[in-house]
Structure formats: structure tokens, C-alpha cells
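So the structure is just underneath, and the comments pick up after that.
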Amino acid sequence: MTVTKLGIIGGTFNPIHYGHLIAAEWAKEVYDLHKIIFVPAYHPPHKSFNKIADKNYRYTMVQKAILDNSHFDISDYEIKQAGTSYTIDTLNYFKTIYPSSQLYFIAGLDSLLNLHTWKNVAGILSLSTFIVATRAGYNINFDDDVYRNLPDNAKEKISFYKIPALEISSSMIRERISQKKSIKYLVPERVEKYIIENNLYGV
């Protein structure tokens, strides 16, 4: 199948959870994406290594989470870089592989609020449409200070779509694990089993 519209979702995935999967699935539907590639980071520039599971564990958890979705794939590009992962480099990499594809970078609102600090924001917005998953009921104001720090074409290159208001985060999952609480229905069953088998996050 020709991939004319390619979605890319990066992150630490520490661990991956249903919030990530729903954001990707709904982006596929809203933007008619032919394929979405999950790209686990080796070391994201805005996070410390504290409490981040080994890259191989995180990669395997993503693999297990997307196993049943034929539109989802995974790349080890950032993990193989063995250093800080920058979105601009990742987008350039995928543009060489899919030169005729339109790239859509899937992100959360927290990423948008920090976008002005990212490496080569102008290049990111030139190479891709930056699509932001927002919870129902949240309205974006383009007069917010965050947009004043972005390139002039930000309004044209940033798009928003709604997802269900699920209160799920990787940090919350890690905290529940450390407290010996259940994470069932927060992550796919295969991921939960893998976390337990490998004693991740203080199981």
C-alpha cells in the first residue's frame, strides 16, 4: 500500500498506555492516515533518565501494545541513535524513507506548550503537520503566549483533534505500580504481563 499520509508518534512510552493508543487511532481516523509509526526515544531532551525503563523494555512494550493493529508500526531509529532524540532529526529520517508522503507528527498539549523550546521548530513545521490531541471541552486560543514564540506559519501547520478525556498517564501508572495497585485496563494486557514478568517500575 502506498503511504501518502504518514503519522509519527514519538515519546518515552514509559510505559505505553491506552491514552497513547487512542490518540494514535483517533488521529488515523480524523486525518485519514495510512500508517502510524511509534518511535520510542532513547533519551528525550526534556526528561531525565530517572525512572525511565531501559530502552529495550520500552521498545518491547510498544511492540506488544500495537500487535493487533495493522495500521500501527514501530521504529527503533531514535533508540539506535544512543543519545538525545530530536524530533527534527526523526522527521528528516522518515522523509528520506517516505519522500512522497505527507508527515503528521502526533503530540499532546504538553508538547505544544513546550514546542518553542524544541530544536529547529521551523524545520519541524516545514516537514510536518503538528497535530495535537486535546480532550473534549478544551478550547485553544491562538492569542496565547505560546504561539507568539512560534514561527509565523504555526497557525497553518498546527492542527487539533479531540480525544476522550481519559485521565491516564505513564507517571500515574508507575506510581500505582510502586504502590502495588492494579494497572489493569490502563495498559494492554500484554504490556501489564510484561511489566510484571520483568519487575519493571518496582513491581
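The shape of the range 1-85 can be summarised by an equivalent ellipsoid whose semi-axes, obtained from the alpha carbon gyration tensor, come to 23, 13, 11 Å from longest to shortest.
Axis angle, to the nearest 10 degrees, between helix 55-65 and the longest C-alpha principal axis of the chain: 90 degrees. If the segment from Leu166 to Val30 were pulled out straight at 0.36 nm per residue, it would be longer than the present Cα-Cα gap by 47.1 nm. The local environment of Gly202, defined by Cβ-Cβ distances under 15 Å, has a net charge of +1 under the rule Lys, Arg +1 and Asp, Glu -1.
Once the Cβ-Cβ distance of Ile97 and Gln179 is raised to the sixth power relative to R0 = 35 Å, the FRET efficiency obtained is 0.25. Would you work out which of Tyr18, Ile79, Pro99 lies farthest towards the positive end of the dipole of the range 5-166, given +1 charges on the beta-carbon of Lys and Arg and -1 on that of Asp and Glu, about the Cα centre? Ranked along the dipole, the leading option is Ile79. Report the calculated FRET efficiency for Asp152 and Glu197 (r = Cβ-Cβ distance, R0 = 41 Å), to the nearest 0.05. FRET efficiency, Asp152 to Glu197: 0.25. For the chain, the longest principal axis of the C-alpha atoms and the axis of helix 18-31 are separated by about 30°. Highest-first packing order for the peptide set 174-181, 84-91, 73-80 is 84-91, 73-80, 174-181, based on the mean count of other beta carbon atoms within 10 Å. When +1 charges are put on Lys and Arg Cβ atoms and -1 charges on Asp and Glu Cβ atoms, the dipole computed for the chain relative to its Cα centre reaches about 440 debye.
Only aspartates and glutamates eight or more places from Lys35 in sequence, or on another chain, were considered; those with a Cα closer than 17 Å are Glu25, Asp68, Asp73, Asp76. Based on Cα contacts under 8 Å between residues 6+ apart, the range 5-166 shows a relative contact order of 24 percent.
Note the listed values (1) 0.95; (2) 1.01; (3) 1.09, then indicate which one is Rg/Rh (Cα atoms, Kirkwood Rh) calculated from this particular structure. Given (1) 0.95; (2) 1.01; (3) 1.09, the structure-derived one carries the label (1).
In the chain, the calculated helix contribution to ellipticity at 222 nm averages -10500 deg cm²/dmol per residue, counting -39,500 (n - 2.57) for every DSSP H run with n ≥ 4. In plain terms, the chain from Lys80 to Thr2 could stretch by 25.5 nm, reckoned as 0.36 nm per residue minus the Cα-Cα distance.
Values in this text are rule-based calculations from the coordinates and carry no lab data. Bear in mind the structure is a predicted one, so any value in this text is a computation, not a measurement. Neighbour counts run over all protein chains shown; Cβ positions are idealised from the backbone, glycine included.
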